[in-house]
Amino acid sequence: MAVHGLFAVYKPGGVGWPRVRDAVETRLLAGLNSLKQRPPRQHVRFLPGVVEGEAGKELTLVPTYLPVLADHLLVKGPRFTRLKVGAGHRLDVKSSGVFVLGVGQGCRMLTDMYNAHFTKDYTVRGLFGKATDDFSDTGKLIEKTTFDHINREMLEKILAVIQGSNHKALGRYANIDLKTQEAYELAVKGLLRPMQKSPPLITAIRCLEFAPPEFQLEIRCLHETQQYLRKIVHEIGLELKSAAVCTQVRRTRDGFFTLDKALLRTHWDLENIQKAIQDSRLTVKTELEKSLGYLERTAYDELIEMDQVEESDASR
Amino acid sequence: MPASFSTGQPARWHVHPTLLTHKAPCRGPPLPSPPGPAPGCSVPPGASSTSHSLSPRPPSPAVPHSPHAPPTSRIQRRRAWLFSGSACLQSSLPPASMQPPPPHTTHPIIWSWCLPDWDSVLPLSALEEISEEEAVQIVAEPLLPFESFTLRDYVDRSETLTKLVHLGVDLSKVEKLRNAGQLLLRLDFENDIKKILLFLKDVGVEDNQLGPFLTKNPYIFTEDLEALETRVAYLKSKKFGKEAIARMVSRAPFLLMFSVERLDNRLGFFQKELGLSVQKTRDLVSRLPRLLTGSLEPVKENLAVCRIELGFRPNEIQHIALKIPKILTANKKKLTETFDYVHNVMGIPHHILTNFPQVFNSSLLKIKERHMFLTFLGRAQYDPRQPSYISVDKLVSVPSEVFCTEIARASVQDFMKFLKTL
């Protein structure tokens, strides 16, 4: 039995994404290797034995049924030594949040998810009054400023400007003529977005909390990197004639994987991951079909076919 | 001919009793033959040249050598020579006379008439009649591969390997060690392995510990028994108790591979560096015996880090090392990062850390998560003089359910929700 599909994991901050991927793979392997294995084969060996013959004890060959030691666990090793675990949209070391992983055949669906160009939601916390070289609070301090003059309306004005300019860029990169009915319908549903490579675009940005010097923003974006979001925070500080650094970048949604579906570190074991894969199967199918319906066949169709073949094998 | 098919049904790992007493199905029938040192047993080529190719031990001549037996007829001699190295007939090995005699011969004298005289040898006919006993003793199993990257090919036919598997040795791990597979194949259970195993049992290693011990250190079979006994005697002379020695040997399998001087140097190093008394050094080493087998450089660096970077006084370092010896071999970076967070962010002073060094043993992420949850709840109080004080070792060592219910006084779901906001 093997595990195939997509699931999301909550990546803690301070840890690189390869370590998270390796930890998940190790725990899955431990779970799979602890399952019941098939018993070793038996084979017939002719061994010298003593048998009562006509003239007392005779040396003869006795056929005996022995287990094949080459099939013993201590000789052949564990059943699974490696698993294909792929990573979706990556998160850098300082950030945390929803991190999509694919196992086995699910790795193909990662490509589909990438090609579907889903938006991602982030909560970004910032701090007014400081500016550092890498835009985060752990970097080298460059300048310190005052921030008493900042209030919520000024911040919201800046955010509206950012949203507006990004909205225009969104329309431009979407590759659809904005004056058509099709474009209008997509925009109404919220599905108007570029379906090919583009620079980072912010589709929506709003302020959740404002308690100077701290503030919290919610950003919905496409094709971004976490460092870009930190740069946005820095630029907001500059626009407000002060300075800002970013203290936390946390992804709350990646496509259709939300925060409640993400597994915490204590739940990174075989049963929980299988359950997560099973729960999100239907959503994965519908969402991928919606976005990539124009393609003839996706990896999800292949997975469904594989399941059907397995079921028919099992029932036979 | 042979008796009825006896289905001695093995339920689990039943081993046919003959496997335990007789030699493994080797190529030689126990025929009374002239005392030649089985010149038919040729050493397979390509033996032990690369670390990944395992070649089986040359089949031991299970011939009961009797130097005073009268010389038998030429046909019987020829048959004995053929059967003693039956595999060699089918192989493309050079004839026996060009090979050096195998190392385990008991009879070095070679009679000239034992060497094959190719001109006068008569060809053997397949229709020649032989007695029942001889027929029974012909072993015609398929050939073992001459080279292999795994011990799986040999385990069924090698008595040594079968017995090691029954002891619990993990051959899949042993074959990855350098030259270990080759070593185990060439050893003989009765002669070489048994005495070392009995010695280990005498030292006090338990039966269920022998398997893991040999998996980590199969090279113990290359050590001389007297040397091993000298080292155990040295440890006893340093007043290590019998149970302590048994525990140390099981937990650090390479301990007895170190010579007496090396062990002495290492014990002296720990005594000097930490400034401990003899009794305390003994206690420290018997609790973490891998201090004696590991490299000393990381220990020196860790001690320097504790003294210079972390700012602990020598008596504090002594106390920490005695309480949690693992800190001496811990990762430097992890140690400094943990200390940085615990001292600067959580605000715990040196004297509390000296009393509870378990903090350095646990993962930084766990400490961070729990501390931030307590800060969020307003319960992060680590000063023993203030009310509702939380002891640092309890913070770190308890499992998460106990932490949530007793220390943080919150539900586990709240803790999970909080973790997702970090």
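Need the list of lysines near A:Lys231 for cross-linking: C-alpha distance under 16 angstrom, and skip anything on the same chain fewer than eight residues off.
Excluding near neighbours in sequence, the set is A:Lys94, A:Lys130, A:Lys140, A:Lys241.
Quick check of the Kirkwood formula: for the range B:269-422, what is the inverse mean of 1/r over all pairs of different Cα atoms, in Å?
Details: mean 1/r = 0.0597 Å⁻¹.
Taking the inverse mean of 1/r over all distinct Cα pairs, the range B:269-422 comes out at 16.8 Å.
Which residues of the range B:147-179 bury at least 40 Å² of accessible area once all protein chains are present, versus their chain alone (1.4 Å probe)?
Hits at the 40 Å² cut-off: B:Arg152, B:Asp156, B:Val165, B:Ser172.
Can you pull out the trypsin sites (Lys or Arg not before Pro) in the range B:330-392 whose DSSP state is coil and whose Cβ has at most 10 other Cβ atoms within 10 Å?
Values: sites: B:Lys332, B:Lys333, B:Lys334, B:Lys366, B:Lys368, B:Arg370, B:Arg379, B:Arg385; in loops: B:Arg379, B:Arg385.
Listed in order of number, the matching sites are B:Arg385.
Viscosity 0.692 mPa s, temperature 37 °C: what is the translational diffusion coefficient of the range A:45-152 from Stokes-Einstein with a Kirkwood Rh over Cα pairs, rounded to a whole number of µm²/s?
Numbers: Rh = 22.2 Å.
Rounded, D is 148 µm²/s.
Which loop trypsin sites (Lys or Arg not before Pro) in the range A:166-203, with loop taken from DSSP, have no more than 11 other Cβ atoms within 10 angstrom of their Cβ?
Taking the range A:166-203 and a limit of 11 other Cβ atoms within 10 Å, the loop trypsin sites (Lys or Arg not before Pro) found are A:Lys179, A:Lys197.
Mind checking A:70-83 for the average number of partner chain beta-carbons within 10 Å of each residue's beta-carbon?
On the way: counts 9, 3, 9, 3, 14, 15, 6, 8, 1, 0, 0, 0, 0, 0.
Across A:70-83, the average partner-chain Cβ count within 10 Å equals 5.
Quick one: plug the Kirkwood hydrodynamic radius of the range B:362-421 (C-alpha pairs) into Stokes-Einstein at 10 °C, 1.306 mPa s, and report D in µm²/s.
Calculated translational D: 137 µm²/s.
What share of all Cα pairs of the range A:187-316, in percent, falls into each consecutive 10 Å distance bin?
So the P(r) values, bin by bin, are 9, 27, 29, 21, 10, 3, 1, 0.
Excluding ligands and nucleic acids, what accessible area in Å² is computed for A:His167 using a 1.4 Å probe, to the nearest 10?
120
So if we plug the beta-carbon distance of A:His267 and B:Val278 into 1/(1 + (r/R0)^6) with R0 = 56 Å, what FRET efficiency do we get, rounded to 0.05?
On the way: r = 49 Å, r/R0 = 0.88.
Plugging the Cβ-Cβ distance into 1/(1 + (r/R0)^6) gives 0.70.
If A:Phe256, A:Phe210, B:Phe146 are ordered by their accessible area, calculated over protein heavy atoms with a 1.4 Å probe, which sequence runs from highest to lowest?
Values: A:Phe256 20, A:Phe210 45, B:Phe146 85 Å².
Highest to lowest solvent-accessible surface, that is B:Phe146, A:Phe210, A:Phe256.
Over both sides of the A-B contact, add up the buried accessible area with a 1.4 Å probe and give it to the nearest 100 Å². Could you put the intermediate results ahead of the total?
Numbers: alone 18490 and 24380 Å², together 39420 Å².
Buried area (both sides, nearest 100 Å²): 3400 Å².
Among the lysines, which have Cα under 26 Å from the Cα of A:Lys189 when same-chain residues fewer than 8 positions away are ignored?
Counting by Cα, and skipping residues close in sequence, A:Lys189 has these lysines nearby: A:Lys120, A:Lys157, A:Lys168, A:Lys179, A:Lys197, A:Lys261, A:Lys285, A:Lys290.
So in chain A, what percent of DSSP beta bridges are antiparallel if you round to the nearest 5? Write out the running numbers ahead of the final one.
Details: 53 of 57 bridges.
Restricted to chain A, the bridges split so that about 95 percent are antiparallel.
Give, as ranges by residue number, the residues of the range B:223-240 whose backbone N falls under 17 Å from the point 7 Å along Cα→Cβ of B:Lys194.
Answer for the range B:223-240: B:225.
For the range B:149-222, I need the span (max minus min coordinate) of the C-alpha atoms along each principal axis, in Å, sorted largest to smallest.
The Cα atoms of the range B:149-222 stretch 34, 22, 21 Å along their principal axes.
Taking just the alpha-carbon atoms of the range A:126-231, what radius of gyration and Dmax come out, in angstrom?
16.7, 51
Taking H placed 1.01 Å from N in the peptide plane, check which residues at least 5 places from A:Val62 or on another chain put their amide H under 5 Å from its amide H.
Counting only residues 5 or more places away or on other chains, the set is A:Leu47, A:Gly49.
Give a residue-ordered list of calculated ³J(HN,Hα) values for the range A:113-130 (Karplus: 6.51 cos²θ - 1.76 cosθ + 1.60, θ = phi - 60°; whole Hz; x for Gly, Pro).
Computed from phi, the couplings for the range A:113-130 are 5, 5, 6, 7, 6, 6, 7, 10, 9, 10, 10, 10, 9, x, 9, 7, x, 10 Hz.
Heavy-atom accessible surface, probe 1.4 Å, ligands and DNA/RNA ignored: which residues of the range A:253-288 lose at least 40 Å² versus the isolated chain?
Hits at the 40 Å² cut-off: A:Leu264, A:Arg265.
Quick check on my link table: of B:Lys201/B:Lys238; A:Lys76/B:Lys420; B:Lys216/B:Lys238, which ones sit more than 30 Å apart, alpha carbon to alpha carbon?
Exceeds cut-off: A:Lys76/B:Lys420.
For chain A, just the Cα atoms, rotate onto the principal axes and tell me the three extents in Å, largest first.
Cα spread of chain A along its principal axes, largest to smallest: 114, 50, 26 Å.
Quick one: which residues, 5+ away or cross-chain, put their amide H under 5 Å from the amide H of B:Val169? H built at 1.01 Å from N.
none
Evaluate the relative contact order of the range A:119-254 (contact order divided by residue number), counting alpha-carbon pairs under 8 angstrom at least 6 apart; express in whole percent.
RCO, the range A:119-254: 45 percent.
Determine the share of the range B:362-421's accessible area contributed by carbon and sulfur atoms, expressed in whole percent, with a 1.4 angstrom probe.
Carbon and sulfur atoms account for 55 percent of the accessible area of the range B:362-421.
Among the chymotrypsin sites (Phe, Trp or Tyr not before Pro) in the range B:187-267, which ones are in a DSSP loop with at most 12 other Cβ atoms within 10 Å of the Cβ? Mind listing them?
For chymotrypsin sites (Phe, Trp or Tyr not before Pro) across the range B:187-267 that sit outside H, G, I, E and B with at most 12 neighbouring Cβ atoms in 10 Å, the list is empty.
Check cross-link reach from B:Lys394 to the lysines: straight Cα distance under 21 Å, and skip same-chain residues fewer than eight apart.
Result set, ordered by chain and number: B:Lys323, B:Lys326, B:Lys334, B:Lys366, B:Lys368.
List the residues, sorted by chain then number, that are 5 or more residues from A:Val68 or on another chain and whose placed amide H is less than 5 Å from its amide H.
HN-HN under 5 Å from A:Val68: A:Arg41, A:Gln42, A:His43.
How many angstrom lie between the C-alpha centres of the range A:75-121 and the range A:1-58?
Each part's Cα centre sits 24 Å from the other's.
Quick one: with all protein chains in place, what share of the accessible area of chain A is carbon or sulfur, to the nearest percent (1.4 Å probe)?
About 54 percent, which is the carbon plus sulfur part of the accessible surface.
The values are calculated or read from the model by the stated rules, or taken from the named source; none is laboratory data. Treat the numbers as computed from the prediction; the structure is a model and nothing was measured. No Cβ is skipped: glycine too gets one built from the backbone with ideal geometry, and neighbour counts run over all protein chains shown. Calculation scope for accessible area: heavy atoms of the full protein, side chains included, ligands and nucleic acids excluded. Shrake-Rupley method; radii C 1.70, N 1.55, O 1.52, S 1.80 Å.
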